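Let me begin by presenting the structure, written as structure tokens, before commenting on it.
The values are calculated or read from the model by the stated rules, or taken from the named source; none is laboratory data. Since the structure is predicted, the reported quantities are computational estimates derived from the model, not experimental observations. Heads up, the Cβs are rebuilt from the backbone with ideal geometry, glycines too, and the neighbour counts pull from every protein chain shown. Keep in mind that these areas ignore ligands, DNA and RNA; they rest on the heavy atoms of the full protein, side chains included. Shrake-Rupley method; radii C 1.70, N 1.55, O 1.52, S 1.80 Å.
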Protein chains: 2
Amino acid sequence: VQQGEQKPFERVYDVSSGDPHRVGMPPLTFIRQVLAACLYPDLLKDDSLPVDVRQRARTLLDVCEGGSVGSYSLTYSGIPLIQKTIAEFITRRDGGVESKPENIIFSSGLERALSLVLHLLSGGEGQTRTGVLTPVPCPHTLPMQLDEAHLEQVSYQLLEEQGWALDLAELHRALRTTRGRCETRAIYISNPGNPTGHVQDRKTIEEVIRFAASESLVLLVEEVFQDSVLGQEKRFVSYRKVLLEMGEPYSKRVELVSLHSLCTAGMGECGLRGGYMEVINMDPAVREFINILPCSGSPPILPQLALGVMASPPSPGDSSYETFMQEVLHVERTLSHNARRACEFLNGLPRMSCVPAEAGIFLYPRLDLPLGITEQAQMLGVEPDVLFCQRFLEEEGVCVGPGCENGQDDDNFHIRSAKPTALICVLAPPAALEEVLTRLRSFHLRLLSSCC
Amino acid sequence: VQQGEQKPFERVYDVSSGDPHRVGMPPLTFIRQVLAACLYPDLLKDDSLPVDVRQRARTLLDVCEGGSVGSYSLTYSGIPLIQKTIAEFITRRDGGVESKPENIIFSSGLERALSLVLHLLSGGEGQTRTGVLTPVPCPHTLPMQLDEAHLEQVSYQLLEEQGWALDLAELHRALRTTRGRCETRAIYISNPGNPTGHVQDRKTIEEVIRFAASESLVLLVEEVFQDSVLGQEKRFVSYRKVLLEMGEPYSKRVELVSLHSLCTAGMGECGLRGGYMEVINMDPAVREFINILPCSGSPPILPQLALGVMASPPSPGDSSYETFMQEVLHVERTLSHNARRACEFLNGLPRMSCVPAEAGIFLYPRLDLPLGITEQAQMLGVEPDVLFCQRFLEEEGVCVGPGCENGQDDDNFHIRSAKPTALICVLAPPAALEEVLTRLRSFHLRLLSSCC
């Protein structure tokens, strides 16, 4: 592609990552008002902002050193009051299963928190190198992160035919392959699944916990899409709740790191880069090490405040409550509608099939690519789904992510198609998801007819 | 110390780190207004904010994906327009020596940027392990960062009797000690010096560059206090300017990484965690690696916007110009007054001496501790200056940093006494620096009389 080359489309849609604001999803007003007031406290001098916004901002500024978001956190874990707020949120969410503030550790985004833990796990060379059981498909940044931390990716395949469910026998099989290859010390779980949208049930979670206990594995559980389970059939259950309810020996022995961030469907505040992890049963010496690892540095203040607001949204009776709930409901409805609509549409196309998402913001349709494309890809030295995505972007101006980035290393090529396209409806012309789907159909049919 | 124990002081002063807001220094209004408006664009709907603030916020929002600070940066380097703004700032500062936007890389704070580069330099074990020439004293986070990246700290001593100047013979001496011990691949420079306050002159910089060239060392140059040279005698000259003006072969060959952040004296926005590095002459393959290292992740948006504002403050004629200049001038005057006052005060105490700072926000007085204290420290298994600082905090409620954290491993014990105490005057009672100094005198004299 040449700079300045004419294209048959006026606007590019990037639906290749979970970034709702990019495609026009609006932020939640309450959180933005609170953060703006914390940055510029002169806004607290009159009543242009709602009274609960001003109260919240004052509370948050009170826990910043010197009353300013410009001061460092005193500790690398974060601001104690926000740790407490998060712990209370978790306890409430999990029906009273208590979370302790000192187990909450902030970071500049989920990837930073994960990177920290992965580096702590890392060790050995050759046969003693640390391995991590990793789902396939997995979040597209995970393989790079494992690689960067010198960890061996030990893949376990999720079952597409069962809606991308996790299969215990497959975990055992994957672990067996590592004898003499590496020392597997952790298992990574994404629940609800990124990019699959699968929601694990309690029975599966219990099985995984028993498996982790018997194999002495640390549980690394990413639970970002906990706020976006679609429909009424499934419900999010956290690994920590199940673990602590299983009782001893599990509740006292299995090491668990649970990861969450501001990049939920409802918040979508990816650019703020805020995340936290809750660490349970971790060796105190290791726990202490997390606090002093200089690589992490003192975590930024504003994302911590944002996480605090996420964990403690407006309550009934607060002046911002109605607006907040309307905005949240609007996101939920849009997401739910778009997920269904896009899945039906994709399944209506020839040589394409898609498992309905139970949660999250991604669809992950299977591409049954014609031989002509796979041969062309081989000639060019790229994965066939990368070629598909590159050509789709060049010809139709829509950016989708190639499935090979999600750790797929077999012959089944996938793309992640993000529901955020549909979330566009809220701010951008409601036709945005339709536009993406229409362009996809147009490109896909043209591709098929040129090859078959 | 017991929880709830009664203390003879009402307020604790923490002057142990370069964190001006913590001790009551106010932020610059313009930057806070712009960031607040970017977070909550409804503030742009009326004229409650100055017109140049609103214009700036609109310009910045235009370069955010989807017009929201909640979207990811498209690249790990950062937002292209802000890269351009920074490059223009550097070019202007250096009298026209051109900086290229593509050489500017954002990160979540200076430590993150440095950590990234240190990990790229890291390699080898035993005799082939990478070493980094490191000033003593150095910024107190540096030894931990080197250690975390598995790098060998190769100390070179700065000359206290010459105002903490860098000595070329000492660099050669330090390098000779590493034969058979490690492979030294980089030299770390802090200029103006943290914590020494020394400002290097052009001749020294040229010598260091020639030394780096002849020994094939990467120059890692931290220049955070470039905005706070005190008095008229010294002037900040950047390493990059000198390097590029030296001409070939130096200007085309010596690899340089220059680090800057929001933690300047004037901004003091430590809690935002924003930094950037300019990389010059770096191998393109290495440069590419920085862009994809997942450990770094997409940098947060707000700190990038703040850096953009720092690099392009209000101009004469802008509606915020007068206020902005008054605020900046106020910081400069307070800093300058306090630096002089505190230095005189410290030099007036028995068994204490302090080199006047030429720049930056730290004083670094020498403690001539009595034998009783050093013996007590030995019994307790701590460094004598750690004991001094612990007791000062417990007895007088003032937290200063022990010099041993700045890489001092000899018998000359130092504390960093931060000028930010003085900056308190702006917001807190003007007596705040005096309070710290008074408590220090009281503690120090009591300590001496109990030991001697």
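Of the residues B:Arg210, B:Arg181, which single one is touching an Asp or Glu at 6+ places or on another chain (Cβ under 9 Å), among the charged types (D, E, K, R) and open to solvent by 60 Å² or more (accessible area, probe 1.4 Å)?
Numbers: B:Arg210 fails: touching an Asp or Glu at 6+ places or on another chain (Cβ under 9 Å).
Residue meeting the stated conditions: B:Arg181.
With the structure loaded, tell me whether B:Leu307 is touching a residue at least 40 places away in the same chain (Cβ under 8 Å), closer than 13 Å to B:Ile105 by Cα and assigned by TED's automatic domain parsing to the domain that holds B:Asn191 or whether it fails that test.
Numbers: touching a residue at least 40 places away in the same chain (Cβ under 8 Å): yes; closer than 13 Å to B:Ile105 by Cα: yes; assigned by TED's automatic domain parsing to the domain that holds B:Asn191: yes.
It is true that B:Leu307 is touching a residue at least 40 places away in the same chain (Cβ under 8 Å), closer than 13 Å to B:Ile105 by Cα and assigned by TED's automatic domain parsing to the domain that holds B:Asn191.
Looking at (1) more than 11 Å from chain B (Cβ to nearest Cβ); (2) buried (at least 19 other Cβ atoms within 10 Å of the Cβ); (3) at negative phi, which one does A:Trp164 not meet, given that it meets all the others?
For A:Trp164, the failing item is (3).
Just for segment B:226-275: of the residues that are open to solvent by 10 Å² or more (accessible area, probe 1.4 Å) and among the aromatic types (Phe, Trp, Tyr), which one is farthest from B:Ala213 (Cα to Cα)?
Ranking the qualifying residues of segment B:226-275, first place goes to B:Phe236.
Looking at segment B:376-386, which of the residues that are part of a helix (DSSP H, G or I) and closer than 15 Å to B:Ser16 by Cβ is most open to solvent (accessible area, probe 1.4 Å)? Steps first, answer last, please.
Within segment B:376-386, the subset part of a helix (DSSP H, G or I) is B:376-380, B:384-386.
Subsequent filtering for residues that are closer than 15 Å to B:Ser16 by Cβ retains B:385-386.
Working: B:Asp385: 1, B:Val386: 32 Å².
Per the criteria, the residue is B:Val386.
So, restricting to helices (runs of 4 or more DSSP H) that lie completely within segment B:281-375, which ones have at least 3 residues that are surrounded by 22 or more Cβ atoms within 10 Å (Cβ to Cβ) and within 14 Å of another protein chain (Cβ to nearest Cβ)?
B:301-311
Quick check on segment A:165-182. Is at least one of its residues assigned by TED's automatic domain parsing to the domain that holds A:Ile205, under 19 Å from the mean Cα position of the chain (by Cα) and farther than 18 Å from A:Gly126 by Cα?
The first filter runs over segment A:165-182 and keeps only residues assigned by TED's automatic domain parsing to the domain that holds A:Ile205, leaving A:165-182.
Cutting the leftovers down to under 19 Å from the mean Cα position of the chain (by Cα) gives us A:165-166.
So of that shortlist, the ones also farther than 18 Å from A:Gly126 by Cα come out as A:165-166.
There is at least one residue in segment A:165-182 that is assigned by TED's automatic domain parsing to the domain that holds A:Ile205, under 19 Å from the mean Cα position of the chain (by Cα) and farther than 18 Å from A:Gly126 by Cα.
Look at segment A:62-78 and say how many of its residues are within 11 Å of A:Gln304 (Cβ to Cβ) and within 10 Å of chain B (Cβ to nearest Cβ).
Count: 3.
Would you be able to say whether some residue in segment B:271-281 is of a type in the set (Ser, Thr, Tyr) and out of contact with any Phe, Trp or Tyr (no Cβ under 7 Å at 6 or more places or on another chain)? Can you show your working first?
Pass one, segment B:271-281, residues of a type in the set (Ser, Thr, Tyr): B:276.
Then keep just the ones that are out of contact with any Phe, Trp or Tyr (no Cβ under 7 Å at 6 or more places or on another chain); that gives none.
Looking through segment B:271-281, none of the residues is of a type in the set (Ser, Thr, Tyr) and out of contact with any Phe, Trp or Tyr (no Cβ under 7 Å at 6 or more places or on another chain).
Of the residues that sit in segment A:1-26 and are surrounded by fewer than 22 Cβ atoms within 10 Å (Cβ to Cβ) and within 30 Å of A:Ser315 (Cβ to Cβ), which one is nearest to the other protein chains (Cβ to nearest Cβ)?
Ranking the candidates gives A:Gly24 first.
Just for segment A:326-352: of the residues that are of a type in the set (S, T, N, Q) and under 23 Å from the mean Cα position of the chain (by Cα), which one is farthest from A:Gly193 (Cα to Cα)?
Here is the first cut: in segment A:326-352, the ones of a type in the set (S, T, N, Q) are A:326, A:334, A:336, A:338, A:347.
Right, trim to under 23 Å from the mean Cα position of the chain (by Cα) and you get A:334, A:336, A:338.
Working: A:Thr334: 20, A:Ser336: 16, A:Asn338: 18 Å.
So the residue we want is A:Thr334.
Residue by residue through segment A:232-272, note down the ones that are within 14 Å of chain B (Cβ to nearest Cβ), among the small types (Gly, Ala, Ser) and out of contact with any strand residue (DSSP E or B) (no Cβ under 6 Å at 6 or more places or on another chain). If you could, list the steps in order and put the result at the bottom.
Applying the first criterion (within 14 Å of chain B (Cβ to nearest Cβ)) to segment A:232-272 yields A:259, A:261-272.
Narrowing further to those that are among the small types (Gly, Ala, Ser): A:261, A:265-266, A:268, A:271.
Selection gives A:Ala265, A:Gly266, A:Gly268, A:Gly271.
For segment B:102-154, enumerate the residues that are away from chain A (no Cβ under 12 Å), surrounded by fewer than 17 Cβ atoms within 10 Å (Cβ to Cβ), part of a helix (DSSP H, G or I) and not polar (S, T, N, Q).
Scanning segment B:102-154 gives B:Glu102, B:Gly126.
All but one of (1) open to solvent by 20 Å² or more (accessible area, probe 1.4 Å); (2) in a helix (DSSP H, G or I) hold for A:Gly95; which doesn't?
(2)
Before we move on, is B:Leu43 within 9 Å of chain A (Cβ to nearest Cβ) and in contact (Cβ under 8 Å) with a residue 24 or more places away in the chain?
Details: within 9 Å of chain A (Cβ to nearest Cβ): yes; in contact (Cβ under 8 Å) with a residue 24 or more places away in the chain: no.
It is false that B:Leu43 is within 9 Å of chain A (Cβ to nearest Cβ) and in contact (Cβ under 8 Å) with a residue 24 or more places away in the chain.
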